[in-house]
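S.K.: Sharing a structure, written as structure tokens. Questions coming.
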Amino acid sequence: MHSGEADVIWIDDEGHEVEGRCRLARTLHVTPVAGDWVVVKGERVTKVFARRNELRRTQTHGRPAQVLAANIDLVLIVVPLRSELHHRMIEGLTAMARSSGAQPVIVLSKRDEADDEAEVTALQARIHELVGDVDQIVTSAQSGAGVAALRERLGEGVTAVFLGASGAGKTSLLNVLEGHHELTRSLSRTGEGRHATSTRKLYRLSSGGVLLDIPGIRFSRAVVDAGAKQPDFSELETLATECRFANCGHGRDLGCAVVEAVNAGMVSSELVEQWRAYRAVTP
Ligand SMILES: Nc1nc2c(ncn2[C@@H]2O[C@H](COP(=O)(O)OP(=O)(O)OP(=O)(O)O)[C@@H](O)[C@H]2O)c(=O)[nH]1
Ligand SMILES: [Mg+2]
Ligand SMILES: [Zn+2]
């Protein structure tokens, strides 16, 4: 999705599925998001159909919630087996799915990195404590474990979205589901790395479903420590009121007061990262 444009998939007169980028008609009052159904006339998106549901990320300061995706049936929350458990994120993403009316499913990834079945069972029990009765699927993109079970959930007419931290293995799972070769992240020595998936992408799966691959949320350690006290963000929140756009992402947006303050050395970029991570998981 780009500003003023949308990538649209449609069926042409011969019954073939085609994909193209369309400009948005000026008269549109809703900006389409991934998962929207639209009307295209003369290569312009002229209408966005009413949404069955919206996956929303709440923003602070009474700003409108950011709609991540629409018409979602299944929210696949990808949690790698061998990492510290991101409690807040798992709870936050599950709550986000539930409040939209979509069904959350926890997808434990990288099963091959666990020592034994006991480790897997223990993690599943901890997740159950956190979020209660949510289906859990144990998978490995490397060994292919659990991929068939995942595919089964992605049948005809199902629209699903992958959510989870950057590096959790979302794109890798998509690749084994479909035999694609989308770019996956390679870990740097520090384990930090970058987002491999930089934009939301929608894939039509051979199993009949549709899967959205959304880039992961980067989590800094301080944020995810269970019970860690939330840092003081008041200065940032004040700065943010001066950004040119109300829905500023404080990244590459024009006229961003937060980025200006970071560039001027007045605010640490680490604090901004933490703040973003907090906002991303606070439903
Ligand atoms: N051992 C093991 N490594 C995996 C598995 N799946 C993914 N990885 C590795 O984990 C890293 C991150 O995988 P990605 O699929 O790019 O993660 P992502 O969730 O798409 O990350 P973003 O696009 O940044 O949100 C890569 O180095 C993968 O090779 C797995 O099942 N087992
Ligand atoms: Mg990815
Ligand atoms: Zn900003």
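S.K.: Can you confirm whether S188 is more than 18 Å from the chain's Cα centre (by Cα) and modelled with pLDDT under 60?
M.R.: yes
S.K.: Moving on to the next point. Do you know which residues across the stretch 77-90 are modelled with pLDDT under 90 and within 14 Å of the chain's Cα centre (by Cα)?
M.R.: Passing the criteria: M89, I90.
S.K.: Exactly one of these conditions fails for V38: (1) on the phi < 0 side of the Ramachandran plot; (2) free of Cβ contacts under 8 Å to residues at least 12 places away in the same chain. Give me its number.
M.R.: (2)
S.K.: When only residues in the stretch 238-276 that are in contact (Cβ under 8 Å) with a residue 60 or more places away in the chain and either more than 8 Å from ligand 3 (Cβ to nearest atom) or assigned by TED's automatic domain parsing to the domain that holds L68 (or both) count, which is nearest to V67 (Cα to Cα)?
M.R.: My answer is N247.
S.K.: Residue check: is T31 exposed (fewer than 14 other Cβ atoms within 10 Å of the Cβ), outside the structural domain of G101 (by TED's automatic domain parsing) and of a type in the set (S, T, Y)?
M.R.: no
S.K.: Could you look through the stretch 35-67, keep only residues that are outside any loop (DSSP other than H, G, I, E, B) and modelled with pLDDT under 85, and pick out the one that is farthest from C248 (Cα to Cα)?
M.R.: In this case the residue turns out to be R56.
S.K.: Among the residues that make up the stretch 158-178, is at least one of them assigned to a loop (DSSP other than H, G, I, E, B), surrounded by fewer than 17 Cβ atoms within 10 Å (Cβ to Cβ) and at pLDDT below 90?
M.R.: No, there is no match, as no residue in the stretch 158-178 is assigned to a loop (DSSP other than H, G, I, E, B), surrounded by fewer than 17 Cβ atoms within 10 Å (Cβ to Cβ) and at pLDDT below 90.
S.K.: Let me ask something else. Among the residues of the stretch 128-169, count how many are within 16 Å of ligand 1 (Cβ to nearest atom) and either free of Cβ contacts under 8 Å to residues at least 40 places away in the same chain or of a type outside the set (F, W, Y) (or both).
M.R.: 25
S.K.: Applying the selection to the stretch 103-131, what residues are modelled with pLDDT of 95 or more and assigned to a loop (DSSP other than H, G, I, E, B)?
M.R.: K110
The values are calculated or read from the model by the stated rules, or taken from the named source; none is laboratory data. Model, not experiment: these values are computed from the prediction. Positions of Cβ are generated from backbone atoms using ideal geometry, with glycine treated the same way; all protein chains shown enter the neighbour counts.
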